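Scroll down for the structure; my scribbles are underneath it.
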Amino acid sequence: MASSSLVLPSISLRRSSISTSMGFKNEIPRISMKNLDRGGRVFMSIAVGAQTTVVDDALFKDYKPSRAFLFPGQGAQAVGMGVEAQKVPAAAELYKRANDIMGFDLLDVCINGPKEKLDSTVLSQVSIYVTSLAAVEVLRARDGGQGIIDSVDVTCGLSLGEYTALAFAGAFSFEDGLKLVKLRGEAMQDAADAAKSAMVSIIGLDSEKVQQLCDAANQEVDEENKVQIANFLCPGNYAVSGGLKGIEAVEAKAKSFKARMTVRLAVAGAFHTSFMDPAVSRLEAALASTELRTPRIPVISNVDAKPHADPDTIKEILARQVTSPVQWETTVKTLLTKGVEKCFELGPGKVIAGIVKRMDKSADIENIGA
């Protein structure tokens, strides 16, 4: 960590109270200035009484994980999720708090569907966010659950799940996170509606072969239909996003590249590509007005598979996330390489557990549903 001996001439002494994801309030100082050192690293200067603490964005760079919370992304939703959460008052309360923001009964959609409604980008993202944090409360209510939660020293989430991870780590409140996820889903849906695009999973090829497949498809389509790898999930499973004609070309050529199969994804459009550019400015505006603080534990970014400490940098990365490929394979590989002892997947489905096991059959991962 960078030295905290730097003294700045004009320092704000105001303090503000911010709620953590689980509703507790913590008093933190306001950011007064951001600096760059000679190496280009970002520092956040914070006024604390008469002293100034300098937080390096690379604060968590050398993290050593032992227990990790992993949160799912869009696609994990299923009609019936949220039922278990109703047995735990603190978990059930999250849905009630969500209703005030959403303006309708979110739990009813989670439990009863219909599936087509729950699968929409606008609703699936908020539903997974709330259900995943409800799963944390389900775990907390279990014998020894609070001890497990206290022992977690790193967290991350797949795409949308990064917001859940940041809420769990106290970077923003449950409510602020839900508002961001709501807007994110709406902005991504609108961007998808503006162009004919799609996503497809390529099963059975390594990333190099998938890139070659994309290159071959791109030779047959115009610029507006280009494709690219959007989700680096795990060896043998990569998602490709792009224009509809480009995706159709990928599907047509996949077998000649020895792919085992292709699966068209039930999403609104080409997520994690430039097709989502219209969503970025809306996210930037929402993030700019959201109070965000340094997470209490490392939160691994989907954009670069690294943890960040500076709130402004985290905001920039979250805005870029919708147009950047998801580096989930690198994230999981790094956790395993660094010696993580146990992982917990919190939320609907078991997609993440499957990915982790595919990368390391001996990995210890437990699913906590809600």
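Summary of values
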| quantity | calculated |
| --- | --- |
| Positive minus negative residues near GLU186 (Lys, Arg vs Asp, Glu; Cβ under 13 Å) | +2 |
| Volume per residue that the Cα convex hull of the chain spans, once the total is divided by residue count, Å³ | 144 Å³ |
| Accessible area of the range 202-251 divided out per residue, in Å², using a probe of 1.4 angstrom | 41 Å² |
| Candidate aspartates and glutamates - alpha carbon under 16 Å from LYS115, same-chain residues fewer than 8 apart omitted | ASP105 |
| Inter-part distance where the range 142-221 and the range 335-353 are each reduced to a Cα centre, Å | 15 Å |
| LYS255-LYS117 pseudo-label distance in nm [points 7 Å out on the Cα-to-Cβ vector] | 4.0 nm |
| Unsatisfied cross-links (Cα-Cα over 29 Å) in the set LYS315/LYS357; LYS209/LYS333; LYS255/LYS306; LYS117/LYS245 | LYS315/LYS357; LYS255/LYS306 |
| Length released on extending from GLU284 to ASP206, taking residue separation times 0.36 nm less the Cα-Cα span | 24.7 nm |
| Extension gain, ARG296 back to ALA195 (0.36 nm per residue minus Cα-Cα distance, nm) | 32.4 nm |
| Surface accessible to a 1.4 Å probe, per residue, for the residues of the range 252-361, Å² | 43 Å² |
| Gaussian network model of the chain, Cα within-10 Å springs - most flexible of THR273, THR334, THR131 | THR334 |
| Whichever lysines have a C-alpha closer than 17 Å to that of LYS96, once near sequence neighbours (fewer than 8 apart) are set aside | LYS87, LYS179, LYS182 |
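The values are calculated or read from the model by the stated rules, or taken from the named source; none is laboratory data. A quick note: this is a predicted structure, and the numbers were derived from the prediction, not measured. Every residue, glycine as well, gets a Cβ built from its backbone with ideal geometry; the counts of neighbours run over all protein chains shown. All accessible areas refer to the heavy atoms of the entire protein, side chains included, with ligands and DNA or RNA removed. Shrake-Rupley method; radii C 1.70, N 1.55, O 1.52, S 1.80 Å.
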